[in-house]
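Any read-out appearing in this document is the output of simple, stated calculations on the displayed coordinates, not a laboratory observation. Because the structure is predicted, anything quoted here is derived from the model rather than measured. We place every Cβ from the backbone using ideal geometry, glycine too, and count neighbours over all the protein chains shown.
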Amino acid sequence: MSSQSSIPWFDDFVGVAYRYYDLRMNVVPLFTDRKKSASIWHDIIHWWVDPSVKIRFLEIADKYWFILGADSQKPETNLSFFKELPKSENYTRFKKGHGGEAYLRLGVYTKKILNDVKKDALCGCGHEAQDHDEGDYDACLYNKCDCKKFSSFQINLLKKKKIIIDIKFL
């Protein structure tokens, strides 16, 4: 990042998802609005110089700071991203298996209610949508389950990606 200008920090995103089933693992900052994520890619990340893209993970107890930035061909519109997040299984899996490189992609996080999903979609309680009562505020039908309302989510990834080769855990 340039020492001549101050690069603004940006934390208006939901969190970070990790995907494992590509040639390289994926790091995916998540947004709730598709237009906003596409605009951030087009206006900011598209202009990043690939070898300069850096991700840092600063671990503190059971949380970590996600920090992402790069040099830009358009420094006047550049941003760096940061967010404090709880450690998760997915974060730990990425940490162990990234192999020194990953794809950077953006994603759109959408909450789903019972009427928005197929019958085999899983609720936050671990039971399928078909195991929730459509007439009783979508409560789970399992006796031993405390779930009072079906809750799920969907993540859609944007197609564009950049390769990150500078990943460090501090």
- Note on the structure: Over the chain, the sum of -39500 (n - 2.57) across DSSP H runs of at least four, divided by residue number and rounded to 500 deg cm²/dmol, gives at 222 nm -3000 deg cm²/dmol
- Query: Of the labelled options (i) 17.3, 55; (ii) 18.6, 62; (iii) 16.4, 58, which one gives Rg and Dmax of the Cα atoms in Å as computed for this structure?
  - Reply: (ii)
- Along the positive direction of the dipole of the stretch 52-146 (beta-carbon charges: Lys, Arg +1; Asp, Glu -1; about the Cα centre), which of GLN130, TYR142, THR92 reaches farthest? THR92
- Residue order, fewest to most surrounding Cβ atoms within 10 angstrom, among THR110, THR92: THR92, THR110
- Average Cα contact separation per residue, the chain, under 8 Å, 6 or more apart, as relative contact order %: 26 percent
- Query: Gap in Å between the Cα centre of the stretch 1-53 and the Cα centre of the stretch 102-170?
  - Reply: 22 Å
- Message: Can you work out the Karplus-derived ³J(HN,Hα) for every residue in the stretch 156-170? Use 6.51 cos²θ - 1.76 cosθ + 1.60 with θ = phi - 60°, whole Hz, and x for glycine or proline.
- Response: 10, 8, 6, 6, 5, 8, 10, 8, 10, 10, 10, 10, 9, 10, 10
- Query: If you rank HIS98, HIS46, HIS132 by fewest surrounding Cβ atoms within 10 Å, what's the result?
  - Reply: HIS46, HIS98, HIS132
- Item | Virtual spin-label span in nm between LYS36 and GLU134, 7 Å along Cα→Cβ | 3.3 nm
- Message: If you take every DSSP beta bridge fully contained in the chain, what fraction is antiparallel? Give it as a percent rounded to 5.
- Response: 75 percent
